[in-house]
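The values are calculated or read from the model by the stated rules, or taken from the named source; none is laboratory data. Just so it is clear, the model here is predicted, and its values are computed rather than measured. Neighbour counts run over all protein chains shown; Cβ positions are idealised from the backbone, glycine included.
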Amino acid sequence: MKRLVIITIVLVMLLISSCGVNQSTIAGRINGEPIPLDQYVVAHRGHYENFSISHNRSPGIDEKQEIARETWHNITKHVILQQNFRRYKITSSVAEAIDTLKNNPPSYILKSPIFMVNGRFDNALYQQSLLYNKPEDLSPVVSQYVNYYVPVAKLKNALIDKELLSSKERKLYANVLKSEVEMDLITLDVNAINAAVKDEEMRMYYEEHKQDYLLNPHYSIAYAFLPLAPSRGDVAATNLMADSLYQSLTVGDKPEDAIAAALKVNPLIRIQESGFVKLDELDRQLAEDFATLAPGEYLPPQIVAGEGLRIHRLEQRTKSLINYSTIYIPYQPREQTIARDVDNALQAAKLLTSMGHQVASEELELTFSPVSNIAIGKAW
């Protein structure tokens, strides 16, 4: 929550610095620079919200007065800093901010449970988030360093090079920070800046109009397949099963019975028909092998590199056409192979969790497929 407060204040200050000077109504002037009333109200509201977030309650009367003083105090510091940035031609870049954050992580980052792994700060996870905003988005922190911390560090060096401030400048900055601000006096009722709608009113309105806010719950995922390479034992077992199937088919067993028995061992087996193919378009070696068969006969199992085996059956042959079917018998991983790859999958999941999906996809050569708007209870 502390980090949110800091970032919100900086954004409010930036909003003030970006507004034009041709405002008909101003809240005051700081070091000659006009502060428009409407932008002061925005800044005050930001400080008010920061208090509510930090303390989980609304401020009391005295605290509201302190918030008003703190708003002017922060605006004053910001205006003076911006004027000096321009005076000394100080700029900063995202690269400078990232380098600073890489070498000197803020204390709230070092203590954040987001970057704790096994009770210790995970620098690799922090560096990944800093460079790619994944798995944690640190872009607000980087912006804070670009707009404030890096320029302030450069300003300090510039002032040191200038042998610090002159007596007149020191007096000016001290007076600005502790004074009531040189401005046209405008009375602001801080109580009037409160939100007009109270929490209880919002709750009652929500309860009365709950149907208007109901959404169909859904979720989104991204998944990737890890290849399961067969072991030598898997290959040998599949070769043996293919030979057994071939023997059953060639001794006269009914094809449907032989294939049904094989499917109980390897449910990945499938059959595919070629349809009629021109003989001159068929693989030459395969055409020569089919020339030795009569319709209904089978070729011995052939190895398909990295995939499994296949058994061809000649269905019909004419003068220039041929029709055949193929039994595909893929390598089937056994239980011990699956157990081995479960460990590999768990390591991949650990990499994905700690380093993010982009790093995991590059390191493991995986392609993640996104699926969005999945209704609860529906298969994806």
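The set of residues in the stretch 82-105 that are under 14 Å from Val146 (Cα atoms) and of a type outside the set (Gly, Ala, Ser) comprises Gln82, Phe85, Ile90, Thr91, Val94, Glu96, Ile98, Asp99, Thr100, Leu101, Lys102. Filtered by the rule that a residue be closer than 20 Å to Leu263 by Cα and aromatic (Phe, Trp, Tyr), the stretch 311-337 gives Tyr328, Tyr331. If only residues of the stretch 250-277 that are modelled with pLDDT of 90 or more and in contact with an Asp or Glu (Cβ under 9 Å, 6 or more places away or on another chain) are counted, the one that is surrounded by the fewest Cβ atoms within 10 Å (Cβ to Cβ) is Glu273.
Is there a residue in the stretch 65-75 that is over 22 Å from the mean Cα position of the chain (by Cα), among the aliphatic types (A, V, I, L, M), buried (at least 18 other Cβ atoms within 10 Å of the Cβ) and over 19 Å from Lys156 (Cβ atoms)? Within the stretch 65-75, one or more residues are over 22 Å from the mean Cα position of the chain (by Cα), among the aliphatic types (A, V, I, L, M), buried (at least 18 other Cβ atoms within 10 Å of the Cβ) and over 19 Å from Lys156 (Cβ atoms). If you filter the stretch 329-380 down to residues that are among the acidic types (Asp, Glu) and surrounded by 12 or more Cβ atoms within 10 Å (Cβ to Cβ), you find that the one that is nearest to Ile114 (Cα to Cα) is Glu363.
Candidates are the residues of the stretch 101-128 that are touching a residue at least 40 places away in the same chain (Cβ under 8 Å) and surrounded by 18 or more Cβ atoms within 10 Å (Cβ to Cβ); the one that is nearest to Lys350 (Cα to Cα) is Leu125.
Sub-6 Å Cβ pairs linking a first residue in the stretch 202-228 that is surrounded by 11 or more Cβ atoms within 10 Å (Cβ to Cβ) to a second residue that is at pLDDT 75 or above and among the aromatic types (Phe, Trp, Tyr), at least 6 apart or interchain, are Ala222/Phe368; Ala224/Phe368, ordered by first then second residue. Residues that are in contact with a strand residue (DSSP E or B) (Cβ under 9 Å, 6 or more places away or on another chain) and crowded, with 21+ Cβ neighbours inside 10 Å within the stretch 27-38 comprise Ala27, Ile35, listed in sequence order.
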